[in-house]
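Report on the following structure.
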Amino acid sequence: TSTLTTDWVVAWLRESARVVSEQRQYLIDLDRAIGDADHGENLDRGFTAVVKKLDDGDHPATPGAVLKLAAMTLMSSVGGAAGPLYGTALLRAATSLGDTELIGPNEVAGLLTAARDGIVARGKAESGDKTMVDAWTPAVEAAGTAAMAGASVAEVLAAAANAANAGAAATEPLIARKGRASYLGERSAGHLDPGAVSSGLILQAAVDAAGA
Ligand code: ADP
Ligand code: MG
Ligand code: MG
């Protein structure tokens, strides 16, 4: 595939819902160690609500409009930190696309960058604070590098997902400086950040939705 369409966005959201539901308990267990054991439940509730919106009659026509619908749904259905963070991410991604119908490699890199910038604007975390930003920032950098090198949309997404998963794995030794885990101070070290792990899952879902 050389370009992605609304169908890819819909498939991405559906695949995100599927994988979040499948990994629900794992994400809960990660959050139990350094948080309040609800990350899997929060995301499962949110993405289930998104799928319900997609199943309710016709979804919007453009990629941006579908992302915006998902953003609003996540914001209104997910309590806790992750709902507003992922909601803002998808809203900024939607805005970066505007009325664009066909998403090429540069648009993919652009929408991921906008999503990351939204998370940072909302949560004010820096790299190394042991949050989902530690998955998103390497993902955005890898996507930008791949797009500039002439990679396909599938290759840009794969580069992003691989970097996100590596970034998530690298949160284990870190001491949390943002969010609930920061209350634990040094005791937060030795555990993966749940939101960084879920970000890797969601970005891998974007790859799988592209049929790579
Ligand atoms: P809550 O902490 O309110 O229970 P969740 O458990 O759903 O919410 O989400 C926790 C995740 O949210 C963390 O693992 C982290 O990745 C992310 N997070 C929390 N605060 C921030 C922040 N300020 N910036 C970026 N990400 C954050
Ligand atoms: Mg939690
Ligand atoms: Mg909570």
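Values quoted throughout were computed directly from the atomic coordinates according to the rules given, and no laboratory measurement underlies them. Computed from a prediction, not measured in an experiment: that's the story for all the values here. Cβ atoms come from the backbone with ideal geometry, glycine included; neighbour counts cover every protein chain shown.
In table form, for the structure just shown:
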item	result
Radius of gyration and Dmax over the Cα atoms of segment 1-119, both given in Å	14.3, 42
16 Å Cα cut-off, lysine pairs counted over the chain (separation 8 or more, or different chains)	4
Equivalent ellipsoid semi-axes, segment 6-209, via Cα gyration tensor eigenvalues times 5, rooted, Å	26, 20, 14
P(r) tail fraction, segment 110-169 - alpha-carbon pairs more than 15 Å apart, %	44
Label-zone membership for segment 35-64, site A121, 7 angstrom Cα→C-beta point, backbone N under 17 Å	64
Separation of alpha-carbon centers, segment 5-59 and segment 66-127, rounded to whole Å	15
